[in-house]
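Note sheet for the following structure.
The values are calculated or read from the model by the stated rules, or taken from the named source; none is laboratory data. All values derive from a computational prediction rather than experimental measurement. Methodologically, a virtual Cβ is constructed for each residue, glycine included, from the backbone with ideal geometry; neighbour enumeration extends over all protein chains shown.
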Protein chains: 2
Amino acid sequence: MQKFKVTFLPDNLTVEAEKDKTILSAAISAGININSNCGGDGICGRCKVIVNEGQVSSQPNGIITPQERKNNVYLACLTTVHSDLKVLIPDSSRINFDKLTPEELEERLSGLYSKAEDIQPVKEKFEDKVFTHSPFATKIYLELPEPTLNDSISDLERLYRALRQYGEFPAIATGLFNIRQLGELLRDYDWKVTVTLGRRNETVEIVLIEPGDTTANNYGLCFDIGTTTISGQLVDLNSKKILGTKATYNQQAAFGSDVITRIVYAAKTDGLEKLHNAVTDTMNQIIKDLVSEHRIDLNSVNCVVCSGNTTMIHLLLSMDPSHIRRQPYVPTANFIPVLRAAEAGININPRGLLNCVPGVSSYVGGDTTAGVLSSRLYQKEEACILIDIGTNGEIVLGNKDFLVACAASAGPAFEGSGVSSGMRASSGAIQKVNIDKKDFSVKYSTIQDAAPRGICGSGYIDLLSEMLDAGIIDKAGKIKVEGKRIRQGENGKEFVVCFKEEANSESDILINEADIENLKRSKGAIYSATAILVRHLALDFSSVSKIFIAGGFGTYLDIEKAIRIGLLPDLERSKFVFIGNSSLAGSRQILLSAQARDMADALAQKITYFELSVDPGYMDEYSQSLFFPHTDLTRFPTVRA
Amino acid sequence: MQKFKVTFLPDNLTVEAEKDKTILSAAISAGININSNCGGDGICGRCKVIVNEGQVSSQPNGIITPQERKNNVYLACLTTVHSDLKVLIPDSSRINFDKLTPEELEERLSGLYSKAEDIQPVKEKFEDKVFTHSPFATKIYLELPEPTLNDSISDLERLYRALRQYGEFPAIATGLFNIRQLGELLRDYDWKVTVTLGRRNETVEIVLIEPGDTTANNYGLCFDIGTTTISGQLVDLNSKKILGTKATYNQQAAFGSDVITRIVYAAKTDGLEKLHNAVTDTMNQIIKDLVSEHRIDLNSVNCVVCSGNTTMIHLLLSMDPSHIRRQPYVPTANFIPVLRAAEAGININPRGLLNCVPGVSSYVGGDTTAGVLSSRLYQKEEACILIDIGTNGEIVLGNKDFLVACAASAGPAFEGSGVSSGMRASSGAIQKVNIDKKDFSVKYSTIQDAAPRGICGSGYIDLLSEMLDAGIIDKAGKIKVEGKRIRQGENGKEFVVCFKEEANSESDILINEADIENLKRSKGAIYSATAILVRHLALDFSSVSKIFIAGGFGTYLDIEKAIRIGLLPDLERSKFVFIGNSSLAGSRQILLSAQARDMADALAQKITYFELSVDPGYMDEYSQSLFFPHTDLTRFPTVRA
């Protein structure tokens, strides 16, 4: 096919165009936003251009006047390229974005053409670009040409025609709700509307049609639905900025502290409904707080991405989770189609969409997929480990070639649940502890330096490490000394971190032997699972290049002390990278990028699930890790030293 | 608000009505189907009632005679309630929905609709197969392998994996409803299920998952939703057999006899809702009758295809039709996405799908698209014409290269509405008439040889033709002779076809000059539209190779007499082909074949709408056709001879 050079002025942009292609299509490929309200049908007359040099062929039309013809004015949509051309595009034929700065324009278009700057999942840690910006829901403002007797296509087709100017959509779908309102809406608002497009599996859905230009208000939410803690973020889908983050305890905790007890509860009468309501109530409270804090209309929140373990997603969607805990451990679904958020009881725009990040298996869920996505484990040359410490801990070992995951039932102790003075990492939580080796006096710091209210996960790690170093507890976690802070309680001996008089609280903040047992099992589950997984792949820890630590308490984690108690393997400290809530970060990426969503789908397919309990060495490994740091001290050389 | 009791006789039904409400609205709320062709505007005079007791207030009108006023006859639409009332509704003011026996229907339908076993629209005329069999909804029986520890993919992916063995689906979608039930269903029924797949735009949707093998039971429905008559067919999607056909009156007729009065009614308070309910009530009654007659579970009916004019489809989907009648005549949508039938209020399987055949413009709807499809106009080498004679007549001229359509507002006269003794083509309708040229005595035959109740469309054509031949009326339709059957009436002179003594009825069956005027306008609208369309394309009738006549009265139409009165052009009789309800035939093809659906989409895009009123010669042509057969007799050489 013969090709010609078409130069557009005054931009001085040159593109190649095949013979017989329209000037309009050449302009589009040059990235010039040319007016074409009628979609290139030669009706609207908005795409007039002046051909300064070269040969063209043009269809007759009733729009170009004889005077204009003399001056080489043509309709770009009806005029085809027959030689190299120089074409002047007057300002009047350009789509008027003049109210937008170039930066704003860039952002506006990025959703449509996928060519904006990239999203960085964890700002400080990864420098290079990850995914392009193409959010789950995009808004496009359209000024439709009014229908005439010569252009009397239906309202819906008029809308579609205008949308198609913004790109090739695989298929556009619209619900009856929107269609029913369309006629009045277009006429009442002078044919100026904003269309919210959502990606729904293989089609693009018109989620919403609003009067006027509402493109400035396009928000989304991402959630990490943890067994114990639910975290949500409100994101401006235009600027990609995180407007706010909230975390709170999952109200489901009232029905059991781990996924197994929840699954059992779900089988009771109304159990599934209660668990479903508990998780949506928690989420809706977070949403309500976030939107009211930022004075955002709930109707401007058009989409939600949720990651969570497989049981959490089942409960969110009122899907029976019972088979997750029965051999051969099969969930109802790992890949959930895009749904309306309202179908799951999530209160955003009633037509807004919900994407659940796909999971791998019954015990490795979408939160792990999201974590692998945001940690970029799947791009690494060398083997790396991702440890997500939560009530259900997940460990992934892999690189660009392979990804293997296992699950460790750690329990909620490190999230401050199920331990006597435990609390979530929030204001007033003791997060750092120092114990004087002589008189066992305690110094501590709290989050936001507020009056102490309890102990969070990182506080417990500090506390255990200090108690070990001070000789208050032995390797097995038993309290072996006496002192004014040590006393006999209902659950064995206890050590008072902070008397109620100091804290000005109702009761002492303390740790007892039952708590220590609990914490020991948690850290043992995580460590042994990690060790088994490494051995299963015939590797050893020394060949692992990075260990990414994720989880709600990651920010406050003292790596030295986590190794001291045997939660983490005793490796070079530089190998550890804290990445915070990697599940939330991954779901945010999916919220902001269709490519990230596709990658998540691919990862969920690629990650192999390894069932720990089938490994013959598992019970031994677990038993050995029920000591601080471990029965086998050769594994912890720096601790021994 | 003051409320009164209105009792309708002889039904003895009592309803409460607010003061100042019309008797018509009270009758509607009592469920009485009262005639109201003009939509309650006090014009048609069909809703006469007798107020036996109580006080009313009535607007003056030119319809109630002084004699009637003495006898307490009122128009129900213009008369409001001012006290408790007893109101007699005579038979002549009722829409008789229940008068057709199954046998009457069957007889009427046997000729009207092609009874072909396959999907060939007109068996004798087209030899070759049309579309391959790929129904709108397909069932596949699956025996899934039970999950094991080594094959523990989720239930949903297991289902998808099995489905993919049956072919490459573009994308499979499933609703949350099905996913929620999946786990239990698979395990309770030994991993043996039947999946119903429906085509939904660009994806294949899992409509339903049922236990065991239910593939033998897969049914669909097709409908022609006419302004006056609604016809539905139950089809076995496996065998492609038509199991049954039902036709009944569109209950919307109570709100006006043509699309314009319906559109006006829709703009009233609750008007759209009432019209929507009327059409779905009619359809649901047809569905109920069909499934109970054939002992089919409603849950086995998985899909519906509907064709209808653009206004009918808007009302079916509760879409505001108001802009259809306002310049530039733009409907809300011509192409409707596949919906759930339940969204439109159609009672089949609650998750079953609905496809509305795409339309061309505000006045050329999906019924025309379906007609072009089933008549195969789009495959013809030579130019052919499709004339669909209904309340809104549509004419399509074209062949394999071009298709141009126009709409002629023929009015309901040929459907027996808006004329003094008019009735629909059912038992007791006079369908054939012979008039003795000397004494003007009348011989007639009625449908099913029942006692005469009125005159149907084909009867009027016979009657006019005979009156012309006998010299009773002149070219202009004026009664020019005297005789015992001829007398002066309120609406000009009238000719009595059947005295009430003969018919044993309440009143004479007659035709008056106003009726003749009405019929003349109807036939003139159809003929002139056809002539203009032919001329618009620079053709003449002699170059047209076939004229397909479609519509509800096609079976009874005497072609010779239709030419005599100037309804059809005077061409070689062998060029005329009756194809019955081509809209229903087309929607059945789409029900049975994805290719037919794609073709319908392409046709709706391809057919060009020609707006008659913009043709400068239109008014002249129409005026000239307001004679029997025409002012220009050279156009009707056989009539002149």
Neighbours by Cβ (under 7 Å, 6+ apart or cross-chain): first from the range A:294-315, among the aliphatic types (A, V, I, L, M); second surrounded by fewer than 24 Cβ atoms within 10 Å (Cβ to Cβ) and in a loop (DSSP other than H, G, I, E, B): A:298/A:347; A:298/A:349; A:301/A:349; A:304/A:346
query: Can you name the number of the only condition in (1) at pLDDT 90 or above; (2) surrounded by 18 or more Cβ atoms within 10 Å (Cβ to Cβ); (3) hydroxyl-bearing (Ser, Thr, Tyr) that residue A:174 fails?
result: (1)
field: Qualifying helices (runs of 4 or more DSSP H) (wholly inside the range B:578-629; at least 3 residues being free of Cβ contacts under 8 Å to residues at least 40 places away in the same chain and more than 14 Å from chain A (Cβ to nearest Cβ))
entry: B:618-624
- prompt: With respect to residue A:544, is the statement that it is touching an Asp or Glu at 6+ places or on another chain (Cβ under 9 Å) and farther than 22 Å from residue A:355 by Cβ true?
  reply: yes
query: Taking the stated definitions as given, is residue B:213 more than 10 Å from chain A (Cβ to nearest Cβ) and surrounded by fewer than 23 Cβ atoms within 10 Å (Cβ to Cβ)?
result: yes
query: Do we find a residue being over 28 Å from residue B:464 (Cβ atoms) and basic (Lys, Arg) anywhere in the range B:594-601?
result: yes
message: Taking the conditions exactly as written (aliphatic (A, V, I, L, M) and either surrounded by 18 or more Cβ atoms within 10 Å (Cβ to Cβ) or assigned by TED's automatic domain parsing to the domain that holds residue A:182 (or both)), does residue A:243 satisfy them or not?
response: no
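Quick grid of which residues meet (1) part of a helix (DSSP H, G or I); (2) modelled with pLDDT under 75:
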{"residue": "A:15", "(1), (2)": "no, no"}
{"residue": "A:28", "(1), (2)": "yes, yes"}
{"residue": "A:41", "(1), (2)": "no, yes"}
{"residue": "A:45", "(1), (2)": "no, no"}
{"residue": "A:80", "(1), (2)": "no, no"}
{"residue": "A:98", "(1), (2)": "no, yes"}
{"residue": "A:112", "(1), (2)": "yes, yes"}
{"residue": "A:124", "(1), (2)": "no, yes"}
statement: Filtering the range A:180-208 for residues that are part of a strand (DSSP E or B) and either surrounded by 20 or more Cβ atoms within 10 Å (Cβ to Cβ) or within 12 Å of another protein chain (Cβ to nearest Cβ) (or both) leaves a count of 14
- request: Quick one: residue A:348 ticks every box in (1) within 14 Å of another protein chain (Cβ to nearest Cβ); (2) within 21 Å of residue A:235 (Cβ to Cβ); (3) part of a loop (DSSP other than H, G, I, E, B) except a single one, so which number is it?
  value: (1)
message: Name the residue that is surrounded by the fewest Cβ atoms within 10 Å (Cβ to Cβ), counting only residues in the range A:216-233 that are within 10 Å of residue A:588 (Cα to Cα) and not aliphatic (A, V, I, L, M).
response: A:233
message: Please determine whether any residue of the range A:352-370 is away from every other protein chain (no Cβ under 12 Å), in contact (Cβ under 8 Å) with a residue 24 or more places away in the chain and over 18 Å from the mean Cα position of the chain (by Cα).
response: no
query: Can residue B:89 be described as closer than 23 Å to residue B:232 by Cβ and modelled with pLDDT of 55 or more?
result: no
task: Hey, could you check the range B:566-586 for residues that are among the small types (Gly, Ala, Ser) and at pLDDT below 95 and say which is surrounded by the most Cβ atoms within 10 Å (Cβ to Cβ)?
output: B:583
- prompt: Restricting to the range B:164-176, what's the tally of residues that are in a helix (DSSP H, G or I) and touching a helix residue (DSSP H, G or I) at 6+ places or on another chain (Cβ under 9 Å)?
  reply: 1
query: If residue A:372 passes every condition in (1) more than 30 Å from residue A:452 (Cβ to Cβ); (2) in contact with a Ser or Thr (Cβ under 6 Å, 6 or more places away or on another chain) but one, which one does it miss?
result: (2)
statement: Within the range A:174-195, residues touching a Ser or Thr at 6+ places or on another chain (Cβ under 7 Å) and either of a type outside the set (Val, Ile, Thr) or in contact (Cβ under 8 Å) with a residue 40 or more places away in the chain (or both) come out as A:180, A:182, A:183, A:194
- line: Checked B:434, B:491 against criteria (in contact with a helix residue (DSSP H, G or I) (Cβ under 7 Å, 6 or more places away or on another chain) and modelled with pLDDT of 90 or more); the one match is B:434
message: Considering only residues that are under 46 Å from the mean Cα position of the chain (by Cα) and either more than 7 Å from chain A (Cβ to nearest Cβ) or of a type outside the set (A, V, I, L, M) (or both), which ones fall in the range B:145-167?
response: B:155, B:157, B:158, B:159, B:160, B:161, B:162, B:163, B:164, B:165, B:166, B:167
query: So how many residues does the range B:382-408 have that are over 24 Å from residue B:429 (Cα atoms), in contact (Cβ under 8 Å) with a residue 24 or more places away in the chain and not in a strand (DSSP E or B)?
result: 3
- request: Assess whether residue A:300 counts as being among the polar types (S, T, N, Q) and within 21 Å of residue B:180 (Cα to Cα).
  value: no
- prompt: Taking the range A:240-296 only, how many residues are in contact with a Gly (Cβ under 7 Å, 6 or more places away or on another chain), over 18 Å from residue A:306 (Cβ atoms) and not in a helix (DSSP H, G or I)?
  reply: 3
- request: For the range A:514-536, indicate whether the set of residues that are assigned to a strand (DSSP E or B) and either surrounded by 23 or more Cβ atoms within 10 Å (Cβ to Cβ) or touching a strand residue (DSSP E or B) at 6+ places or on another chain (Cβ under 6 Å) (or both) is non-empty.
  value: no
- prompt: in contact with a Leu (Cβ under 9 Å, 6 or more places away or on another chain) and under 22 Å from residue B:71 (Cβ atoms): does that describe residue B:43?
  reply: no
statement: Subset of the range B:312-343, residues in a helix (DSSP H, G or I), more than 15 Å from residue B:198 (Cβ to Cβ) and either within 21 Å of the chain's Cα centre (by Cα) or more than 8 Å from chain A (Cβ to nearest Cβ) (or both), comes to B:312, B:313, B:314, B:315, B:316, B:322, B:324, B:325
task: Determine, yes or no, whether residue A:417 is touching a helix residue (DSSP H, G or I) at 6+ places or on another chain (Cβ under 9 Å) and either assigned by TED's automatic domain parsing to the domain that holds residue A:576 or surrounded by 24 or more Cβ atoms within 10 Å (Cβ to Cβ) (or both).
output: no
query: If you scan the range B:518-540, which residues turn out to be within 16 Å of residue B:562 (Cα to Cα) and out of contact with any Asp or Glu (no Cβ under 8 Å at 6 or more places or on another chain)?
result: B:518, B:519, B:520, B:521, B:522, B:523, B:524, B:525, B:526, B:527, B:529, B:530
